[in-house]
Every structure is written in C-alpha cells, then in structure tokens.
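Laboratory data are not the source of any read-out in this text; all were calculated from the coordinates shown. None of the values given here were measured: they were computed from a predicted structure. Counting neighbours? That spans all protein chains shown, and the Cβs are built from the backbone with ideal geometry, glycine included.
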Amino acid sequence: MSAKPFKVLITHPEVPQSGIDLLEACELVRVESLPPKRSELLQKIRGVDGILWAGHEALNAEALDAAGPQLKSISTMSAGIDYVDLDEVKRRKIPLGHTPMVLDNAVADLAVGLLIAAGRRFHEGRKKIETDKWENYHLNWMLGQDVRDSVVGFYGFGGIGQAIAKRLSGFDIDQVLYTTRRRIDRETEKELNAKKVDFDELLAKSDFVVIAAPLTAATQGVFNATAFNKMKNTAVLINIARGKIVNQNDLYDALKSNRIFAAGLDVVDPEPLPPNNKLLTLDNIVILPHIGSATNRTRSDMATIAAHNVLRGLAGERMLSPAY
Ligand code: DGY
C-alpha cells in the first residue's frame with residue numbers, strides 16, 4: 001500500500017511544475033499521451049481521490065463514473081468550465097475548483113491588443129504589403145477607429161472585463177458601458193467610469209463591444225444577426241471569452257457586408273478552427289488561436305491555484321476558487 005494518503009490524477013503531461021510540486025504529498029498518476037488520449041485518462045482515473053483536470057477534455061458522467069465513488073476533489077486549470085457537466089459534478093457533491101483571477105491580466109492585455117489590431121486594421125495592412133498594394137499615396141488610406149473618446153461596451157463585466165476597462169482608461173476612452181445580470185459595486189463603477197445598461201443600449205452606443213462573459217445556455221449564440229444589426233457600422237467586436245457566444249455565420253455576413261467595421265477574436269467555434277474556415281478569408285478580422293492566458297507566469301499560477309484547490313478539497317476545506 002502507498003504511504004501517501006491520496007491518489008491524484010494529473011490529466012495532462014504539461015502541467016507546470018509549480019502545481020506538481022505542491023502535490024508531492026500525494027501519489028500522482030499522470031496522463032502521458034499528447035494530445036492527451038481520453039482512453040488513457042479513463043483508464044488512469046480509476047480509484048483516484050483527486051484530479052487536477054488540465055486541458056479541455058469533457059469532464060462528464062463517463063469520466064466521473066470511471067473514477068468511482070471515492071473521488072473527493074477536482075480542480076480544472078482554466079477559468080471557463082464550459083466543458084464540465086456541472087450538474088453531474090454537483091449531483092455527486094464533488095467539490096470543483098477552477099482558476100479565475102490569475103489569468104485576468106494576461107487575457108486583458110491580449111484583449112487590448114486585439115482591440116487595437118482590429119480597429120486599426122493590422123491584418124489587412126499586412127496583406128496589403130504581401131500583395132504589393134501599399135497605396136499610401138491616398139490620404140485616407142487604411143483609416144481605422146480611434147480608441148480615444150470611444151465608448152467601450154462589455155458583455156460580461158467580471159474580473160477580465162474590469163481589467164480590460166482599467167487598461168483602456170489609459171487610452172482616454174469616453175465611457176464604459178456594461179451588460180451583466182447584477183450591477184457591480186458602485187465604487188468600481190465610479191473608478192472605471194462604468195454604467196450598467198441593457199443589451200440593446202450596449203449594442204447601439206458602443207464603438208467597441210467586448211465579449212467577456214462565460215459560455216452558458218443564456219449566452220450561447222447571443223451575438224447573432226439581430227445583435228449585429230443593432231451595432232454601429234463603425235463598431236469593432238472583440239471576443240476573448242468563448243467562440244460559441246457568437247454566431248459565426250452571422251458574424252461572417254456582418255463583416256463581409258461591412259455591417260460592422262471589424263472583429264478581433266481569441267476564441268472561435270470550433271477550436272481548432274479549420275484552415276479553410278471562411279472567416280479566415282476576411283480582411284477585417286484578426287483571429288488568434290485562444291492564447292489569452294498563454295504566458296509563462298499565468299500558466300504557472302493557474303497550476304498552483306488548481307493544485308491548492310485539489311489539496312483543499314481532499315482535506316475537506318473550502319477551495320481557493322470554488323466553481324460552485
Ligand atoms: C480559460 O481559462 O478559461 C481560458 O480561456 C483558457 O482556457
């Protein structure tokens with residue numbers, strides 16, 4: 001018998017060492033295949049007490065059944081938990097943690113980059129060079145959207161949205177609008193010059209619309225043709241949340257017809273996006289391969305928080321960042 005009291009599964013071979021080190025008091029079982037094979041995961045999950053669930057494999061009844069009833073603690077290594085069947089986890093009363101907050105700054109930095117890149121036509125500019133169409137003899141060539149004095153509207157205004165707004169205050173924007181279920185505290189509203197509005201007002205008044213909400217049944221597909229038709233035709237849409245919040249066919253039409261000015265996406269549907277996807281044919285879109293939290297420090301912090309969550313769940317304590 002192992003002298004270590006708990007057996008913990010690490011579902012991905014590339015979890016940063018900072019997280020692994022914290023789990024040294026546990027017997028570790030690790031998925032070694034890359035990309036991680038579900039069959040290996042389902043085999044190694046049997047009989048474990050805790051799981052550090054890294055990667056976006058479905059965490060569902062199949063996996064929980066395979067683990068067995070002794071399972072006491074799980075933490076994802078992500079902020080978003082849309083790949084988790086939360087009802088199944090709750091039904092079994094298994095504590096679940098995730099890793100919000102530690103990635104707010106990295107994602108916010110990337111969002112500001114996307115907002116400027118899309119608003120100022122970086123992708124199209126690069127293509128002009130490659131196709132020998134550098135026509136700067138025009139005085140009004142490649143004009144884009146100003147960030148200064150703009151209204152920035154947030155669909156979802158948690159830690160990431162607020163970190164973006166904080167950064168943008170340095171760009172002298174005029175106002176922040178936000179649409180959320182609950183109003184945020186008055187002090188933060190004041191600090192960020194932010195006002196809660198309904199969705200239609202957000203769409204109508206914003207020069208930049210930033211999607212920073214979790215993917216849920218209520219947010220899926222909300223950015224569709226109806227929404228795009230309510231936006232300014234100079235508006236820029238940014239999505240750093242989840243691809244499925246946007247109806248991509250409708251987005252394609254809105255961009256192709258210049259119904260809106262541009263989009264900057266770090267998330268798409270599906271991921272990976274096939275190289276022949278029609279969005280990639282557009283000039284007025286900047287697309288990144290879901291790299292919002294991809295910095296060394298952030299990944300290491302995510303692993304650390306996830307490991308602490310697992311340990312706390314095993315000890316019967318409240319997790320650092322419980323998901324429910
Ligand atoms: C998250 O943590 O949800 C990021 O989108 C990376 O998956």
field: When residues of the range 224-268 are limited to those that are among the aromatic types (Phe, Trp, Tyr) and free of Cβ contacts under 8 Å to residues at least 60 places away in the same chain, the one farthest from Ser150 (Cα to Cα)
entry: Tyr252
message: Filter the range 269-290 down to the residues that are of a type in the set (A, V, I, L, M, F, W, C), touching a residue at least 40 places away in the same chain (Cβ under 8 Å) and away from the ligand (no atom under 16 Å from the Cβ) and list them by number.
response: Ile285, Val286
field: Selection from the range 221-259 of residues that are assigned to a loop (DSSP other than H, G, I, E, B) and of a type outside the set (S, T, N, Q)
entry: Gly221, Val222, Met231, Lys232, Ala235, Ile240, Ala241, Arg242, Arg259
message: Can you tell me which condition Ile116 does not meet? The list is (1) closer than 30 Å to Ile238 by Cα; (2) within 16 Å of the ligand (Cβ to nearest atom), and all the others hold.
response: (2)
- request: Considering only the range 45-72, state which residues are of a type in the set (Asp, Glu) and either within 12 Å of the ligand (Cβ to nearest atom) or out of contact with any strand residue (DSSP E or B) (no Cβ under 6 Å at 6 or more places or on another chain) (or both).
  value: Glu57, Glu62, Asp65
message: Cβ-Cβ under 9 Å, sequence separation 6+ or interchain: first residue in the range 90-104 and at positive phi, partner outside any helix (DSSP H, G or I) and more than 10 Å from the ligand (Cβ to nearest atom). Which pairs?
response: Met101/Ser321
query: Of all the residues that make up the range 99-110, how many are in a loop (DSSP other than H, G, I, E, B) and of a type in the set (A, V, I, L, M)?
result: 3
field: the range 73-98, subset hydroxyl-bearing (Ser, Thr, Tyr) and touching a His at 6+ places or on another chain (Cβ under 8 Å), residue nearest to the ligand (Cβ to nearest atom)
entry: Ser78
- prompt: For the range 1-25, which residues satisfy the criterion of being within 23 Å of Arg299 (Cβ to Cβ) and either crowded, with 22+ Cβ neighbours inside 10 Å or in contact with a helix residue (DSSP H, G or I) (Cβ under 6 Å, 6 or more places away or on another chain) (or both)?
  reply: Val8, Leu9, Ile10, Thr11, Val15, Pro16, Ser18, Gly19, Leu22, Leu23
- request: Looking only at the range 299-321, decide whether some residue is in contact with a strand residue (DSSP E or B) (Cβ under 6 Å, 6 or more places away or on another chain), on the phi < 0 side of the Ramachandran plot and assigned to a loop (DSSP other than H, G, I, E, B).
  value: yes
